[in-house]
Amino acid sequence: MTLLYEGKAKRLWATENPNTLRMEFKNDATAFNGEKKASFENKGRLNNEISTLIYGFLETAGIPTHFVRQIDATNVEVKKVSILMVEVIIRNLSAGSYCKRTGIEEGRLFSQPVIEFSYKSDELGDPLINDDYIREMGLATPEDLAHLRKSALAINSILIDFFAKCGLRLVDFKLEFGRLVEDPSIIVLADEISPDGCRLWDIKTGEKMDKDRFRRDLGGVMEAYQEVLGRLKEVTA
Ligand code: ADP
Ligand code: UDP
């Protein structure tokens, strides 16, 4: 099958169906806009399993997504979308670049979720943008943006509860959305949801269970991902 795209963490392959893709999870990990690189045995499998469980749960909760089916350990079939070049970040507690930008310490609980947008551009390092930038850059209409905001908040509420059942605090995460190629009037949740793109802290110990273990050289990266998967499996069984 034809390789359509190779990214930092996944590959996209054509299928016999022009409206679907095979999305392959790689073992590669990157951080700081690709500056830091490594490869972890089983990372592709763990992220695929975690993301598949989360997408299944979101679909059941009524969130439209690109997910079709899991093909095997490292591959899923997804509906092909035209990705909106806006990344949606939702924060429930302060961490990462929020702390860098504001000088506020890590771990402050927000009174309401903080939503931010960044321009999906590796070349520019995914810069922070606002509603006016998005409108003027033609990345999404104000109506689409309102829809993204509403969907992101709904997904956040669902996932906060879901992860809490697993003893995990959902600190922040990144979402991508796209228009279905078979019907561009429909915008769905796309890409993946895994510890690569979420901050997850153990509710009891505060231990980091996500890609920050790699970013900050804390060790035990795959052990943490495996633990997240184990807990997700328990609550979805
Ligand atoms: P990056 O492109 O940032 O290196 P990945 O390695 O995760 O990231 O590559 C996966 C790519 O596939 C991303 O650019 C993402 O926007 C895109 N993508 C995710 N889901 C779909 C989909 N359903 N249809 C088309 N593209 C998708
Ligand atoms: N995130 C992501 N991809 C990006 C940028 C951020 O998956 O290109 C996720 C990241 O894993 C974290 C959340 O979005 O869970 C917020 O990230 P932040 O803006 O703090 O970025 P950082 O400084 O960690 O790169």
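Tabulated values for the structure
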quantity: Test: E77 is more than 16 Å from ligand 1 (Cβ to nearest atom) and either assigned to a loop (DSSP other than H, G, I, E, B) or at pLDDT 95 or above (or both); calculated: no
quantity: Candidates S82, S111, filtered to the one that is touching a residue at least 40 places away in the same chain (Cβ under 8 Å), within 21 Å of I155 (Cα to Cα), among the polar types (S, T, N, Q) and not in a loop (DSSP other than H, G, I, E, B); calculated: S82
quantity: Every residue from region 115-156 that is touching a helix residue (DSSP H, G or I) at 6+ places or on another chain (Cβ under 7 Å) and β-branched (V, I, T); calculated: I115, I134, I155
quantity: Matching option when the condition is out of contact with any strand residue (DSSP E or B) (no Cβ under 9 Å at 6 or more places or on another chain) and modelled with pLDDT of 95 or more, among R216, R135, R149; calculated: R135
quantity: Candidate set: region 77-120, residues that are surrounded by 14 or more Cβ atoms within 10 Å (Cβ to Cβ) and among the aromatic types (F, W, Y); chosen: the one nearest to ligand 2 (Cβ to nearest atom); calculated: Y98
quantity: Condition met for T74 (more than 16 Å from ligand 2 (Cβ to nearest atom), in contact (Cβ under 8 Å) with a residue 60 or more places away in the chain and crowded, with 16+ Cβ neighbours inside 10 Å); calculated: no
quantity: Selection count, region 22-45, where residues are assigned to a strand (DSSP E or B) and of a type outside the set (S, T, N, Q); calculated: 10
quantity: Residue list for region 171-185, restricted to those being part of a loop (DSSP other than H, G, I, E, B) and near ligand 2 (Cβ under 9 Å from one of its atoms); calculated: none
quantity: Residue among D161, D172 that alone is surrounded by fewer than 18 Cβ atoms within 10 Å (Cβ to Cβ) and under 22 Å from E227 (Cα atoms); calculated: D161
quantity: Failed criterion for V68 (all others in (1) within 13 Å of ligand 1 (Cβ to nearest atom); (2) surrounded by 20 or more Cβ atoms within 10 Å (Cβ to Cβ) hold); calculated: (2)
quantity: Residue tally, condition of a type in the set (A, V, I, L, M, F, W, C) and either within 16 Å of ligand 1 (Cβ to nearest atom) or crowded, with 23+ Cβ neighbours inside 10 Å (or both), over region 196-220; calculated: 4
quantity: Residue tally, condition without any contact (Cβ under 8 Å) to a residue 12 or more places away in the chain and assigned to a helix (DSSP H, G or I), over region 215-234; calculated: 2
quantity: Any chance L159 is away from ligand 1 (no atom under 16 Å from the Cβ) and in contact with a helix residue (DSSP H, G or I) (Cβ under 7 Å, 6 or more places away or on another chain); calculated: no
quantity: Condition met for S151 (outside any loop (DSSP other than H, G, I, E, B), closer than 30 Å to N17 by Cβ and among the polar types (S, T, N, Q)); calculated: yes
quantity: Counted residues, region 57-86 - those being acidic (D, E) and farther than 23 Å from P184 by Cβ; calculated: 1
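The values are calculated or read from the model by the stated rules, or taken from the named source; none is laboratory data. Fair warning: this is a prediction, and the values are worked out from it, not measured in the lab. Note that we place each Cβ from the backbone using ideal geometry, even for glycine, and neighbour counts take in every protein chain shown.
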